[in-house]
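Comments concern the structure below.
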């Protein structure tokens with residue numbers, strides 16, 4: 001499920017990787033099945049990790065940080081393919097491209 005801007009700012013438990021959790025919380029996770037949704041834990045994480053809530057999300061990103069993981073990976077894959085294609089076109093001249101296309105068929 002995608003994150004909202006509010007969750008990105010105030011709910012670090014929603015998206016934090018377990019390797020970044022304080023050791024004391026890691027020990028408690030087995031007893032806290034729904035820990036990612038608990039407001040008390042989110043407030044505690046904000047304090048413990050000294051996360052600043054007063055940041056501005058760059059408008060140029062277009063909410064990229066809010067994408068679900070699978071959609072983000074797919075979008076970045078398409079972006080990588082697009083950039084790779086542009087780089088190849090800059091390296092190859094028209095005559096060389098026609099020869100390659102003719103050889104490929």
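None of the figures in this text is laboratory data; all of them are computed from the coordinates on show. Bear in mind the structure is a predicted one, so any value in this text is a computation, not a measurement. Positions of Cβ are generated from backbone atoms using ideal geometry, with glycine treated the same way; all protein chains shown enter the neighbour counts.
A few remarks follow.
- Scaled radius of gyration (Cα, divided by 2.2 N^0.38 Å) that region 1-55 gives: 1.08
- In percent, rounded to a whole number, the relative contact order of the chain is 30, using alpha-carbon pairs under 8 Å and six or more apart.
- Approximating the spin labels as points 7 Å out from Cα along Cα→Cβ, the residue 31-to-residue 48 distance works out to 1.3 nm.
- Diffusion coefficient, µm² s⁻¹, Stokes-Einstein with Kirkwood Rh over alpha-carbon pairs of the chain at 4 °C and 1.567 mPa s: 74
- Separation in nanometres of the label points that stand 7 Å from Cα toward Cβ, at residue 6 and residue 81: 3.7
- Extension gain, residue 55 back to residue 24 (0.36 nm per residue minus Cα-Cα distance, nm): 8.4 nm
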